[in-house]
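Quick notes on the structure that follows.
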Protein chains: 4
Amino acid sequence: MAEQAFTAMAGPKASGVAPEVGVGMLGYAFMGKAHSNAFKKIPYMMYPPPAIPRLVAIAGRNTAAANEAAKRYGYEKVYADWRDMLADPDVQLFDNGGPNDLHAEPCIAAAQAGKAVFCEKPLARTAEEAKTMLDAVRKAGVKNMVAYNTRFVPAVRLAYELIKSGKLGRIYGMRAVFLQEWLMAHYGTPMIWRTDKKTAGSGALGDLGAHVIDVSRHLVGDIKTVGAITKTFIPERPGPDGKMLKVDVDDAFVSVVEFANGAIGTIEASRFAAGNKNAARFEISGEKGSIRFNMERLNELEVFWVGEHPKETQGWHNVLVTEGYHPWIPNWWPHGHIIGWEHTFVHELTHFLDCIVNDKPVAPYGADFEDGYRCACICDAILESAQKRAQVDVKY
Amino acid sequence: MAEQAFTAMAGPKASGVAPEVGVGMLGYAFMGKAHSNAFKKIPYMMYPPPAIPRLVAIAGRNTAAANEAAKRYGYEKVYADWRDMLADPDVQLFDNGGPNDLHAEPCIAAAQAGKAVFCEKPLARTAEEAKTMLDAVRKAGVKNMVAYNTRFVPAVRLAYELIKSGKLGRIYGMRAVFLQEWLMAHYGTPMIWRTDKKTAGSGALGDLGAHVIDVSRHLVGDIKTVGAITKTFIPERPGPDGKMLKVDVDDAFVSVVEFANGAIGTIEASRFAAGNKNAARFEISGEKGSIRFNMERLNELEVFWVGEHPKETQGWHNVLVTEGYHPWIPNWWPHGHIIGWEHTFVHELTHFLDCIVNDKPVAPYGADFEDGYRCACICDAILESAQKRAQVDVKY
Amino acid sequence: MAEQAFTAMAGPKASGVAPEVGVGMLGYAFMGKAHSNAFKKIPYMMYPPPAIPRLVAIAGRNTAAANEAAKRYGYEKVYADWRDMLADPDVQLFDNGGPNDLHAEPCIAAAQAGKAVFCEKPLARTAEEAKTMLDAVRKAGVKNMVAYNTRFVPAVRLAYELIKSGKLGRIYGMRAVFLQEWLMAHYGTPMIWRTDKKTAGSGALGDLGAHVIDVSRHLVGDIKTVGAITKTFIPERPGPDGKMLKVDVDDAFVSVVEFANGAIGTIEASRFAAGNKNAARFEISGEKGSIRFNMERLNELEVFWVGEHPKETQGWHNVLVTEGYHPWIPNWWPHGHIIGWEHTFVHELTHFLDCIVNDKPVAPYGADFEDGYRCACICDAILESAQKRAQVDVKY
Amino acid sequence: MAEQAFTAMAGPKASGVAPEVGVGMLGYAFMGKAHSNAFKKIPYMMYPPPAIPRLVAIAGRNTAAANEAAKRYGYEKVYADWRDMLADPDVQLFDNGGPNDLHAEPCIAAAQAGKAVFCEKPLARTAEEAKTMLDAVRKAGVKNMVAYNTRFVPAVRLAYELIKSGKLGRIYGMRAVFLQEWLMAHYGTPMIWRTDKKTAGSGALGDLGAHVIDVSRHLVGDIKTVGAITKTFIPERPGPDGKMLKVDVDDAFVSVVEFANGAIGTIEASRFAAGNKNAARFEISGEKGSIRFNMERLNELEVFWVGEHPKETQGWHNVLVTEGYHPWIPNWWPHGHIIGWEHTFVHELTHFLDCIVNDKPVAPYGADFEDGYRCACICDAILESAQKRAQVDVKY
């Protein structure tokens, strides 16, 4: 790989005065915070930025909370109803950081209003719902992106470049897991929207699994067949009034997959994997090399080269992906000064702004709604496979 | 766990004069070497030993090689035909280190001749074949054991004790892989008995998968259902005369499993996982704790305790399983002086000798032919599942 | 340790309207960027903040660069001469991010002007120079702090709490290194201010060594005696005109130290340690436990407890210091979502703002000028020891 | 490095009938066990062996224990007095596994009796004593070796080859520690010969430090200058009768060193480093590469190449030193099957037997008495330096 390979993605180029892009944000919790932080850092850290995000408005049903968020992050206006925000001509980019049941309707409305749409993952609760969103952005011809931020970890982008350039040769296998532990009994987590099928669509599958499914598609290619088992370990959780409510989503799933290119693998997610805080891990085995990654050490990529010489010192390379020749790193700090999880959103939204103002395609570097839809198809196939106890060919 | 917990297994006790047990060995290659080394070390390292193995005879079709092995390891006699060796009254323990297609007939004959039988894994090429062996040892009432040596890694025995004593609580998930790389193109491996279904039964499945299937059963319990995909990446390999022969076994498989106790997991094996030399790895997630193991660092066990205090320093423990309170370690070296892969056979054969002379049951610490048969049933179900593209309930 | 132990430092408390503190920044390179980023993040990430930093002015001799930095980070004014900036009544906090030879004069002037002073490390080129700065801030009675940001890594603060609360018992030993590689020949680094004694004071010692000396003092206590060797591996580097100039600072040093409390240790730094990008590592061995840290994995702390039960699973804990009960983490992200190197400055400057507006002492959590002076005394003693080839008792 | 580089050391070659070498062993404890095990494994594992060790006799003052050891390991005769054993003409190789105060006299007598002498480390309690031993073997012209077994770890031999072949270029720095914990209070260790200067010569220095000093000399070269601090943390320990006795050796030492070739480094050892069971670790930083090693993971070597391409995947290689092209591995097991600490003695004594029967030099692969003496000179200089509080040039 040429050492200049990442220049293009290492950061946007100077181009006179950067245009402003007005942002309308839906949601002010975990993702609202992560996205807002990204918008605020882009102008001076991804310097010079492709565009200057202007924090036009934030919308939320809880007016007090929305007002507080506006004050905290610097949004100019607050809307109680996202519909009103979408009518605001200053809003050019609609950022949907709401729960899964609030993805489709606002995103479709935003597309119809001609806004660029950035939506949290998973795109929708089902493939069918995702399809309506994909159709809407296609029809409206607006830029669209799903927030699969793992693609924007420098180490993951490095992995992408290694694979796409053929450095790993034919891919034989992929093992991907996303393990967390916060639904285990000792956390005392009550019934929340994430454990309710109506709101979330699915459990560990759509929340965690979707991340590693997207990254599997990104790195290895489309998935042809799945075979899965799902499990709910704690069947009831207390609702707001203390009454026990039925958990109707998966706490964990395991699946075997076959990719279109013939590689096979396993994809799993669990919220019951004690000791794993945020362990999105994968290992890809190829003909000429292998790679390993763990989100809990996101500044590192492990790489093994089959053809390495001398053989005596062949081994897994622990690559600290923090150097000036690594993706996006020139925008940050010198040698070995690591970045954090939040920085993935800075990279991701810079890319989206760049696509908007310079009319570039979101894919293949970012996940667009087509990717979001395909990921939803795989999730649906996993649920169907688990229910039928048989392998299912994914229908796109 | 009481610190004395491992005293019982830490080594045999003094008991006057140890009886001799005459060993008849079939095979002189990799496993013949590993088993012979174990027999030679037992008398002075597992001291005082439960029995003194007497190296009575070795059998092999290649007379020159068998003679060389006899001289090298100190076997008293050489037999060209294992049938003659089984007729030797000095042989009390028949150790079958031959290829998979040479497991059933000699083991059954040995049982019929009243010998204790120790057989390399996998027990047989199919469950049906394994059943004939199980029936034979049952009928003959002889001690029997399958060489699933992973059970005799101190760290794995520690894991067993932790789980069986309830320390991990309910088990939610298990992820197990056994990854190697020596069938990849750059190794230039020709057609060998391990890639030939007639001799081996299956490929990565029976060779590597069987190890982690056995250890999954050992640690988590019996497997109820499997769903699998198998793959052969290099379809032909050169035979002895250079002519290309069809590889009719799997180079890799992936499977989802459900255990009888409700835990779910994935089990995989591959001979195409570049960078993995001998990576039998597993992770078990339980209600009260989790454990992780990798055969390439077999002196270590990673443990996470859910209830650990203070919380601020809760984390995965890297346990160096080399201390006097760890299984078998008092027989070896002081603090932190690690042991090697070969030592698992020393522990395993000491256990078998102990079972023979003191009439103890081989299971649950060791794998007996019942375990070998059940493992074969799971392997068969995996192949059936891959062929049917559906989940299969294991039939025992 | 009580699980609430870190509440107090987990983030500032709401207190009505946060006062503004006007910031005047000297320097716009590496440290200017890191400090400016911190000031910009404090208002919304350390929420609610103890004070709102107002970016009043930036000063720099290169007017074009200073103007560019002002535009980039949002400083209201630009001063070509820092003296003019110190005369600006809107500036309450003087942040000195300049090279080492520009520390003393501006800091002393700032103190005399009644500004709070925040100075990059090392405080000065020599202990004597540092003493003039310490005298100035004492005389002026202004808040003062040296940017030893390692203290503000959550894992390091956790280590501090463990040690200070007696959890590790008596400390026996400390091994600390700070290893980098960017002065090695293959980097082609020319003569820069950091390799020039007149500007930098010393080489790896003041740049890297000072960090681990400060953290050693912070965690273990004051250093009584040192014995050192220094080395310059590449004696000449090209100047701006290509002419070779003599490197008169150390490329690396090694030292033995004895602490006032009787612990012994080694402290080293090198810019010639291939493979180490930013490896500030330390290991502290105590009577009741030990800890290990590496800046390249700053979200982790390794901890070993002597008294841990059960003994069978005793081992080094790999603590992911990313949970809600860890220092500062409640201000950031949920479980296992790691932070980056830059976040240490956010914590550090929040602390300094808190000290300014709420009249709290900078020490012991932060390093004040007294700490900066003592660190300089140790650096001087190391140079003296290397020159005399004898142990030197540090004179404070 | 040519991939055949290790062929020569991978194992002895066939050479008709191997001659017998009669072994006379002094000592039957830890080292007696380790050496006896090695002698017993050499004939069939280092196959074909350069010589067959014949276990002629064992000597020990405790007749019952010596008899038991003879029976356990298969020594033909037992001598209550080592002098009688040295008079036995069947003894050709004298193996001294006794405590440090029993090294000089028997070794010198053995040399005078024309026996090859293998002595446990450290060679002697002082350099002066070591010199008498060196003079004796030189005068007698007998083969001599000190049991610095770390040199015979495959990963360490690989490191040696890398450095000696120039692959690492000029060496800039070495950091070496040997950390254990078994003298800490919670172990309750009483006064033993290892804590008694009269018997042991020194404490952590001669026991642990000598190992890493030898390996430093082996890998980097001779040491010119040292500067050290020593410490005794627990000043008194109970004697056999419970009475408290003064510990007059070091519990830990730290030192800075300068090598003859200009490299600098630190060498430390401690028996008070909680969490470290047997942590002989070193890191060597060179112009073209760096290496890291830890005895607790002795099958691994970490290697970093400065000139590695592509740069994007440059990183520390985790080399599993278990492959057929690694030192001694062809004698053991296939890919990735790790060996243990005890195997170092198998390699070491095979080398010594090879030197004896084929008249080869022990050095530079093994440590001869000259190396043992030089190591003792460095130990003496460390003690002198600590006492004088000044750097000391090592006198050889």
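Nothing in this text is a laboratory measurement; each read-out follows from the coordinates by a stated rule. What you see is a predicted model, and the numbers here were worked out from it, not measured in a lab. Neighbour counts are summed over all protein chains in view; Cβ atoms, including those assigned to glycine, are modelled from backbone coordinates with ideal geometry.
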Provide a whole-number value for the mean count of partner chain Cβ atoms within 10 Å of the Cβ atoms in peptide B:385-391.
5
In a Gaussian network model over chain A where Cα atoms closer than 10 Å are linked, find which of A:Leu162, A:Leu245, A:Leu123 has the largest mean-square fluctuation.
A:Leu245
Can you run the Rg to Rh ratio on the range C:180-273? Use alpha carbon positions and the Kirkwood inverse-distance Rh.
1.06
Residue order, fewest to most surrounding Cβ atoms within 10 angstrom, among C:Thr350, D:Thr199:
D:Thr199, C:Thr350
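Within the set of other residues whose C-beta is less than 13 Å from the C-beta of A:Ala111, count the net charge using Lys and Arg as +1 and Asp and Glu as -1.
Working: positive: A:Lys115, A:Arg138, A:Lys139, A:Lys143; negative: A:Glu105, A:Asp135, A:Asp368.
Neighbour charge sum, excluding A:Ala111 itself: +1.
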Rounded to whole Hz, the Karplus (6.51, -1.76, 1.60) HN-Hα couplings of the range D:258-268, x for glycine and proline:
10, 8, 4, 8, x, 5, 10, x, 10, 10, 9
What gaps in nm, shortest first, separate C:Phe30 from its twins in the other copies when you place the label 7 Å past Cα toward the beta carbon?
3.6, 4.5, 5.1
Cα-centred dipole magnitude for the protein assembly as shown, charges only on beta-carbon of K, R (+1) and D, E (-1), debye, nearest 20
0 debye
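What FRET efficiency, computed as 1/(1 + (r/R0)^6) with R0 = 25 Å and r the Cβ-Cβ distance, is obtained for B:Asn358 and B:Ala29, rounded to the nearest 0.05? Spell out each step's value before the answer.
Values: r = 31 Å, r/R0 = 1.25.
It comes to 0.20.
What helices does chain C have that are whole DSSP H segments, at least 18 Å long along their own axis by Cα, and with mean Kyte-Doolittle hydropathy of 0.5 or more? Mind dumping the intermediate values first?
Working: long enough: C:30-45 (23 Å, -0.31); C:127-140 (19 Å, -0.46); C:343-357 (21 Å, 0.71); C:369-388 (28 Å, 0.00).
Counting only whole DSSP H runs, the qualifying helices are C:343-357.
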Taking only the Cα positions of the protein assembly as shown, the convex hull volume per residue in Å³ is 173 Å³
Just to confirm the numbers: B:Lys197, label point 7 angstrom along the Cα-Cβ line, distances to the other copies in nm, shortest first?
4.0, 7.7, 7.9
Using Cα pairs closer than 8 Å and at least 6 residues apart in sequence, work out the relative contact order for the range C:158-241, in percent.
37 percent
Long-range HN-HN contacts of B:Lys121 with modeled amide H, under 5 Å:
B:Ala147
GNM, chain C, Cα, under 10 Å: largest mean-square fluctuation among C:Gly22, C:Gly169, C:Gly188?
C:Gly188
Surrounding net charge for D:Glu342, when Lys and Arg each add one and Asp and Glu each subtract one, Cβ distance under 12 Å
+2
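Do any of B:Lys164/B:Lys311; A:Lys33/A:Lys277; B:Lys115/B:Lys277; B:Lys167/D:Lys33; C:Lys121/C:Lys224 go past 28 Å between their Cα atoms, and which?
On the way: B:Lys164/B:Lys311 25 Å; A:Lys33/A:Lys277 20 Å; B:Lys115/B:Lys277 36 Å; B:Lys167/D:Lys33 36 Å; C:Lys121/C:Lys224 21 Å.
Among B:Lys164/B:Lys311; A:Lys33/A:Lys277; B:Lys115/B:Lys277; B:Lys167/D:Lys33; C:Lys121/C:Lys224, the Cα-Cα distance tops 28 Å for B:Lys115/B:Lys277; B:Lys167/D:Lys33.
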Sites B:Lys388 and A:Arg170 - FRET efficiency at Förster radius 25 Å, r taken between beta-carbons, to 0.05:
0.40
Quick check: the distance between the Cα centres of the range B:119-181 and the range D:93-153, to the nearest angstrom?
49 Å
Mean shadow of the range B:98-253, computed from the convex hull of its alpha carbons, in nm²?
11.4 nm²
Please list the non-local residues whose amide H lies under 5 Å from the amide H of D:Val321, H modeled 1.01 Å from N, same-chain partners needing a gap of 5 or more.
D:Glu300, D:Leu301
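Kirkwood-based Rg over Rh for the range D:225-318 (C-alpha set), two decimals?
Working: Rg = 19.2 Å, Rh = 16.6 Å.
Ratio of gyration radius to Kirkwood radius for the range D:225-318: 1.15.
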Which ³J(HN,Hα) values in Hz, rounded to whole numbers, follow from the phi angles of the range A:21-27 under the Karplus curve 6.51 cos²θ - 1.76 cosθ + 1.60, where θ = phi - 60° and Gly and Pro get x?
10, x, 9, x, 10, 10, x
Position B:Lys311, label points 7 Å along Cα→Cβ, spacing to each other copy in nm (shortest first, one decimal):
3.1, 4.5, 5.3
Residues whose placed amide H lies under 5 Å from that of B:Gly286, excluding near-sequence neighbours:
A:Ala274, B:Tyr172, B:Ile291
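Relative contact order of the range D:3-149, please, whole-number percent, based on alpha carbon pairs below 8 angstrom and at least 6 residues apart. Before the final figure, lay out each step's value.
Details: 269 pairs, mean separation 30.1, N = 147.
After rounding, I find 21 percent.
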Cα convex hull of the range C:3-149 - mean projected area over all directions, nm²
9.6 nm²
Taking the Cα centre of chain A as origin, work out the dipole magnitude from +1 charges on Lys and Arg Cβ and -1 charges on Asp and Glu Cβ, in debye rounded to 20.
120 debye
Computed helical MRE - 222 nm, chain B, DSSP H runs ≥ 4 contributing -39500 (n - 2.57), nearest 500:
-9000 deg cm²/dmol
If I take the rotation axis that carries chain A onto chain C, which residue of chain A has the nearest beta-carbon, and at how many angstrom?
A:Gly340, 2
Phi-derived 3J(HN,Hα) across the range A:281-291 with the Karplus relation (6.51, -1.76, 1.60, θ = phi - 60°), rounded Hz, x for Gly and Pro, is 10, 8, 9, 10, 10, x, 5, 10, x, 9, 9
For chain D, modelled as a Gaussian network with Cα springs under 10 Å, which listed residue fluctuates most, D:Val146, D:Val357, D:Val256?
D:Val357
How many angstrom lie between the Cα centre of the range A:275-337 and the Cα centre of the range C:12-74?
34 Å
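Taking beta carbons within 10 Å but only from partner chains, what does the mean come to for residues C:172-180? Please report the intermediate quantities before stating the final value.
On the way: counts 10, 12, 1, 8, 0, 4, 0, 6, 3.
That average works out to 5.
Residues of B:250-259, mean number of Cβ from any other protein chain within 10 Å of their own Cβ, rounded to a whole number? Don't skip to the answer; put the middle values down first.
Numbers: counts 0, 3, 6, 2, 12, 4, 13, 2, 4, 0.
So the per-residue partner count for this stretch is 5.
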Where does the charge balance sit around B:Tyr73 when Lys and Arg score +1, Asp and Glu -1, over other residues with C-beta under 9 Å from its C-beta?
+4
